[in-house]
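Some notes on the structure that comes next.
The values are calculated or read from the model by the stated rules, or taken from the named source; none is laboratory data. What you see is a predicted model, and the numbers here were worked out from it, not measured in a lab. A quick note on method: Cβ atoms are made from the backbone with ideal geometry, for glycine too, and the neighbour counts reach across all protein chains shown.
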Amino acid sequence: MEVINDLKDCTPIPDGVISVGTFDGIHLAHQKIIQRVTEQAKDLNVPSTIVTFEPHPRLVVNQGDGQPVWILTTIEEKITIFRELGIDRVVIIPFTQEFSQTSPESFVTDVLCRTIGMQKLIIGHSHGFGRNRAGNIDFLCQIEKGCNFEVINQEPISNHWGIISSSRIREFVLQGEINKVSECLGRPYHLAGIVVPGDGIGHKLNYPTANVQLSHPNKCIPANGVYIVRVGINGAQYNGVMNIGIKPTFGKNARSLEVNILDFVNDIYNMQIEIYFLERIRGEKKFDSPELLQQHVDADVESARNYFLHNPAEQDKESSKLHDS
């Protein structure tokens with residue numbers, strides 16, 4: 001797969017098949033669009049192309065409004081998933097304040113048609129583009145003949161939680177509803193980070209933990225609580241229990257992400273690890289004593305062991321289709 005990070009390096013493919021969007025999460029609705037792109041491109045014997053943006057546009061245009069912007073997938077994660085889904089070419093447009101002022105007309109004619117090239121554009125029903133997101137599917141339908149391309153509208157995809165969208169999935173993540181997240185993504189939710197020194201509380205409870213510092217400051221973090229996870233280290237997969245929270249029993253107030261890798265004793269400080277969320281055990285609780293906390297941690301670990309015992313497919317130690325980097 002070819003990855004283009006600068007439009008100056010892009011060779012136009014006039015008869016190409018493309019889609020454009022932020023693709024945060026690359027959830028099941030995104031995957032349907034990508035499937036249609038790859039199928040149409042194969043039928044026409046042309047490369048399939050995804051056009052996306054870095055950083056997430058909301059990190060640029062929403063600065064100063066006081067609202068946090070959380071992302072589901074980093075650009076590195078997106079590239080990995082695009083490759084696995086069979087895309088031939090990914091064009092990453094640097095999203096700046098200047099670029100955000102591009103008119104819808106200029107974006108379509110100058111960027112998509114002339115610079116990237118397209119014969120067919122497959123796009124989600126609610127996608128907005130150009131200055132103030134003024135461009136939409138209706139606008140594309142008005143100009144497609146004059147610009148000599150065909151626009152294909154992808155209708156929304158739903159499951160029993162409703163219409164699948166990045167914003168809805170972010171809400172599920174922030175609420176700790178990991179099962180809903182997995183059902184909308186079609187895979188476990190994923191975090192990546194570097195193992196850094198912690199405060200040693202895990203050792204005191206007989207469950208040493210790896211303290212994880214996230215690789216991206218705006219990565220959407222699940223709600224505080226205890227989770228059953230898989231941990232990717234150097235291409236291998238291990239079972240684990242992750243705690244996200246402030247450790248209220250010990251009077252802490254800084255949020256931390258710590259994972260106990262079951263039956264694992266190797267030194268992994270300063271190494272990048274991958275966390276895949278499988279199930280939430282419970283929310284964060286303040287206990288009256290460290291001894292009572294110890295009992296609940298024992299129960300959490302036992303719950304995780306039972307989970308993996310009854311889900312043997314999760315116990316394969318080798319890296320499979322999960323997105324280890």
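Out of the residues in segment 127-163 that are assigned to a helix (DSSP H, G or I) and polar (S, T, N, Q), which is farthest from residue 22 (Cα to Cα)? Per the criteria, the residue is 142. If only residues of segment 147-169 that are among the hydroxyl-bearing types (Ser, Thr, Tyr) and without any contact (Cβ under 8 Å) to a residue 12 or more places away in the chain are counted, the one that is surrounded by the fewest Cβ atoms within 10 Å (Cβ to Cβ) is 167. Scanning segment 39-69 for residues that are touching a helix residue (DSSP H, G or I) at 6+ places or on another chain (Cβ under 8 Å) and either buried (at least 18 other Cβ atoms within 10 Å of the Cβ) or over 23 Å from residue 222 (Cβ atoms) (or both) gives 47, 48, 49, 50, 51, 52, 54, 57, 60, 61. Apart from one condition, residue 186 fits all of (1) at pLDDT 95 or above; (2) of a type in the set (Gly, Ala, Ser); (3) over 26 Å from residue 222 (Cβ atoms); the exception is (3).
With respect to the conditions (1) surrounded by 15 or more Cβ atoms within 10 Å (Cβ to Cβ); (2) at pLDDT 85 or above, residue 298 lacks only one, and its number is (1). Evaluated against (1) at pLDDT 90 or above; (2) more than 15 Å from residue 190 (Cβ to Cβ), residue 233 falls short on exactly one condition, (2). With respect to the conditions (1) surrounded by 15 or more Cβ atoms within 10 Å (Cβ to Cβ); (2) in contact with a Ser or Thr (Cβ under 8 Å, 6 or more places away or on another chain), residue 256 lacks only one, and its number is (2).
Return the residue satisfying two criteria in turn: it lies in segment 93-126 and is in a loop (DSSP other than H, G, I, E, B) and touching a Lys or Arg at 6+ places or on another chain (Cβ under 8 Å), and of such residues it is surrounded by the fewest Cβ atoms within 10 Å (Cβ to Cβ).
Filtering segment 93-126 down to residues in a loop (DSSP other than H, G, I, E, B) leaves 95-96, 101-103, 117-119, 125-126.
Filter again for touching a Lys or Arg at 6+ places or on another chain (Cβ under 8 Å), leaving 101-103.
Working: 101: 12, 102: 17, 103: 15.
So the residue we want is 101.
Remark: residue 151 falls outside the filter, which requires a residue to be among the aliphatic types (A, V, I, L, M), touching a Phe, Trp or Tyr at 6+ places or on another chain (Cβ under 9 Å) and under 23 Å from residue 26 (Cα atoms). Among all residues of segment 26-45, there is none that is part of a loop (DSSP other than H, G, I, E, B) and touching a strand residue (DSSP E or B) at 6+ places or on another chain (Cβ under 8 Å). Against the condition crowded, with 17+ Cβ neighbours inside 10 Å, in contact (Cβ under 8 Å) with a residue 40 or more places away in the chain and under 24 Å from residue 223 (Cβ atoms), how does residue 22 come out, does it pass? The answer is yes for residue 22. Listed by first and then second residue, the pairs with beta-carbon distance under 9 Å, at least 6 apart or on different chains, first residue in segment 85-105 and in the same structural domain as residue 21 (by TED's automatic domain parsing) and in contact (Cβ under 8 Å) with a residue 12 or more places away in the chain, second in a strand (DSSP E or B) and of a type in the set (Gly, Ala, Ser), are 86/48; 87/48; 88/48; 89/48; 103/135; 104/135; 105/135.
Determine whether residue 222 is surrounded by 18 or more Cβ atoms within 10 Å (Cβ to Cβ) and either over 14 Å from residue 26 (Cα atoms) or at pLDDT below 95 (or both). Yes: the conditions hold for residue 222.
For the structure I just gave you, tell me whether residue 52 is of a type in the set (Ser, Thr, Tyr), part of a loop (DSSP other than H, G, I, E, B) and at pLDDT 95 or above.
Numbers: of a type in the set (Ser, Thr, Tyr): yes; part of a loop (DSSP other than H, G, I, E, B): no; at pLDDT 95 or above: yes.
For residue 52, the condition - of a type in the set (Ser, Thr, Tyr), part of a loop (DSSP other than H, G, I, E, B) and at pLDDT 95 or above - is not met.
Would you confirm, using the coordinates I've provided, whether residue 180 is at pLDDT below 95, basic (Lys, Arg) and outside any loop (DSSP other than H, G, I, E, B)?
Details: at pLDDT below 95: no; basic (Lys, Arg): yes; outside any loop (DSSP other than H, G, I, E, B): yes.
No; evaluated as a whole, the condition is false for this residue.
A Cβ distance below 7 Å, combined with a sequence gap of six or more or placement on separate chains, defines the contacts here; from segment 177-193, residues that are surrounded by fewer than 18 Cβ atoms within 10 Å (Cβ to Cβ) reach residues that are in a helix (DSSP H, G or I) in the pairs 186/28; 186/31.
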